[in-house]
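What follows is a set of notes on a single structure, which appears directly below.
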Amino acid sequence: MTKNDQTALIEIESVSKFFGSFQALKSVSLNVTKGERVVVCGPSGSGKSTLIRCINQLEQHEEGDITVDGITHDGAAKSLNAIRQKVGMVFQQFNLFPHLSVLDNLTLGPVRARGMSKADAEKLAMQYLERVRIPEQSDKFPRQLSGGQQQRVAIARSLCMEPQIMLFDEPTSALDPEMINEVLDVMTELASSGMTMIVVTHEMGFARRVADTMVFMDHGEIVEVAPPEKFFKQPDSARCQDFLQKILHH
Amino acid sequence: MFKKLFPLLLLVPLSGCAGGNWGWYVVDPTTTSGYNNVWFLLTGLYYTVLLSVTAIVISIVIGLLVALPGLSTNKYLRGFNRVYVEFVRAVPILVLILWVYYGLPQLAGIAIGVFWAGVIALALSDSAFEAEIFRAGIQSIDKGQYEASHSISLNYYDTMRFVILPQAIRRILPALGNQLVYMLKMSSLVSVIGMQELTRKANELVVTEYRPLEIYTILVLEYLVLILIVSAGVRWLERRMQTDERN
């Protein structure tokens, strides 16, 4: 986590976040370089989701600085918008727009936020639907699709904004087991294309395959940061060992 | 007593039969005077519909503009919403009509016609209810929809216009339909300032024909038919919007 090896695309510096009197993040620092794949794990309530939600300011942090590609969150609408253009996000509950067709879900952002023409946006949308392997579903509505398909549409929707960074907030936690792999496959493919990714997940097989860096959080703190080989074999902290014990041997 | 009311309950012959205490000849379209009377009553439809529709459109716009600040995190904006809703909701419609028609010109220094006085009073009065309906509808939308909109960089206006309101309006359509029905009925109150709508026409005819029972019965039926048409229209719209989403 030193700054001198490569320039960081995301710099999180001593960030604290409170919900009322509860401190969800306790002076958290983390740097992510371009192309790096970071997997964040930890028990529920440890602050993993809160941390990545602070990056595109779905949650506002009270202390510390978050800088994305040279732009620091300063509370102004201009920097917020600039950062959100660079950061895509995939949610646990998909959050597709239920009243819009798959294609309209994908083109809304490009047309309204990026100023693309409808025709160009549709071309782009079809391109990303191919990439998540469901181009034939473009005219359907979200509730006609399976959970796995919906999540892939959600990934495509984010990619249509052509972000530099993709955040995944437990993308497979709401899925039936047989649908988890189709989503993980799309994410793995995305990782191999060089996308910078931060993934909050309990899918340790995926983490082993894809992650450059593993981050373990507990009680609002980053407890352990290590490459996966070390992380899974011999983590330094007892808390992390304990967590891995539980999650890997159930 | 029951004997006298019984024919009314059956809403019997709207034809020319003039049995018992009924004097249907007043509105018998087969006679010249009856035909003229019926036509006279029906001409009130134009203003009843025009007044109600204009008022509901304006009240929906005001209602939305009042509802949005009510959803803000800013307490002054929320305060504005509360004060508006509580204040406007507390004024009886009839009182508001009188105030706008007789009082407002004195305050503003300009004359306001009967039609616009009616529209303003009805729209204002209804806007407070519309605001509450919109607020409830918008609040019922999952916050994940906002988060997804933010994450694809939509601004507030686009988020509302393309994501939140289309979903909210589907949900509040039955309530909006209720308000339209309510508005149609309340438009009868504008007769007190001389608006030539259904109720006023009926009143005028009663004064010349002395047949309140028959004429007001026709009036009841006029509102009934109008409102059944509106209900059918709203249900049709509901079905159409739902198939949009569910297919």
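Pairing each residue of segment B:142-170 that is within 7 Å of another protein chain (Cβ to nearest Cβ) and farther than 13 Å from A:M161 by Cβ with any residue that is polar (S, T, N, Q) and open to solvent by 30 Å² or more (accessible area, probe 1.4 Å), provided the two are 6+ apart or on different chains, yields C-beta distances under 6 Å for B:G144/A:Q93. Which residue is farthest from the other protein chains (Cβ to nearest Cβ), if the candidates are limited to segment A:60-107 and must be open to solvent by 10 Å² or more (accessible area, probe 1.4 Å), small (G, A, S) and touching a residue at least 40 places away in the same chain (Cβ under 8 Å)? Looking at residues that are open to solvent by 10 Å² or more (accessible area, probe 1.4 Å), small (G, A, S) and touching a residue at least 40 places away in the same chain (Cβ under 8 Å), I get A:G64.
Residues in segment A:141-169 that are more than 13 Å from every other protein chain (Cβ to nearest Cβ) and of a type in the set (D, E, K, R): how many? Looking only at that region, the number is 1.
Looking across segment B:176-220, the residues that are more than 12 Å from B:G44 (Cα to Cα) and free of Cβ contacts under 8 Å to residues at least 40 places away in the same chain come down to B:N178, B:V206, B:V207, B:T208, B:Y210, B:P212, B:Y216, B:V220. If I ask for residues that are under 28 Å from the mean Cα position of the chain (by Cα) and not in a helix (DSSP H, G or I), which ones from segment B:107-129 would you list? Within segment B:107-129, B:I110, B:A111, B:I112, B:G113 qualify. Determine whether B:N37 is touching a Pro at 6+ places or on another chain (Cβ under 6 Å) and in a helix (DSSP H, G or I). Considered against the rule, which asks whether it is touching a Pro at 6+ places or on another chain (Cβ under 6 Å) and in a helix (DSSP H, G or I), B:N37 comes out as no. Restricted to segment A:122-140, and to residues there that are in contact (Cβ under 8 Å) with a residue 40 or more places away in the chain and not aliphatic (A, V, I, L, M), the residue that is nearest to the other protein chains (Cβ to nearest Cβ) is A:R131.
Here B:H150 meets each of (1) modelled with pLDDT under 95; (2) in contact with a strand residue (DSSP E or B) (Cβ under 9 Å, 6 or more places away or on another chain) with one exception, condition (1). Taking the conditions (1) more than 25 Å from A:I10 (Cα to Cα); (2) free of Cβ contacts under 8 Å to residues at least 40 places away in the same chain; (3) in a helix (DSSP H, G or I) in turn, A:V153 satisfies each one other than (2). Annotation: of all residues in segment A:108-121 being open to solvent by less than 20 Å² (accessible area, probe 1.4 Å) and more than 8 Å from chain B (Cβ to nearest Cβ), the one that is farthest from A:Q164 (Cα to Cα) is A:A121. Taken together, the residues in segment A:18-44 that are out of contact with any helix residue (DSSP H, G or I) (no Cβ under 6 Å at 6 or more places or on another chain) and closer than 14 Å to A:S173 by Cβ amount to 3.
Going residue by residue through segment B:209-220, is there one that turns out to be more than 14 Å from chain A (Cβ to nearest Cβ), within 16 Å of B:V49 (Cβ to Cβ) and among the hydroxyl-bearing types (S, T, Y)? I'd like the intermediate steps shown before the answer.
So the first thing to find is which residues in segment B:209-220 are more than 14 Å from chain A (Cβ to nearest Cβ), and the list is B:209-220.
With the extra rule that they be within 16 Å of B:V49 (Cβ to Cβ), the set shrinks to B:219.
Adding the requirement that they be among the hydroxyl-bearing types (S, T, Y) leaves none.
No: zero hits.
Every residue, every condition in (1) buried (at least 18 other Cβ atoms within 10 Å of the Cβ); (2) of a type outside the set (S, T, Y); (3) assigned to a helix (DSSP H, G or I), yes or no:
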position: B:A131; (1), (2), (3): yes, yes, yes
position: B:G144; (1), (2), (3): no, yes, yes
position: B:T159; (1), (2), (3): yes, no, yes
position: B:I164; (1), (2), (3): yes, yes, yes
position: B:N178; (1), (2), (3): no, yes, yes
position: B:V206; (1), (2), (3): no, yes, yes
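Just checking, how many residues over segment B:208-233 are part of a helix (DSSP H, G or I) and surrounded by 16 or more Cβ atoms within 10 Å (Cβ to Cβ)? Quick ask: steps written out before the conclusion?
Of all residues in segment B:208-233, those part of a helix (DSSP H, G or I) come to B:208-209, B:212-233.
Adding the requirement that they be surrounded by 16 or more Cβ atoms within 10 Å (Cβ to Cβ) leaves B:209, B:214-215, B:217-219, B:222-223, B:226, B:230.
Qualifying residue count, segment B:208-233: 10.
The values are calculated or read from the model by the stated rules, or taken from the named source; none is laboratory data. None of these values were measured; they are calculated from a predicted model. Note: ideal-geometry Cβ built from the backbone for every residue, glycine included; neighbour counts use all protein chains shown. Only protein heavy atoms, including side chains, enter the accessible area calculation; ligands, DNA and RNA are left aside. Shrake-Rupley method; radii C 1.70, N 1.55, O 1.52, S 1.80 Å.
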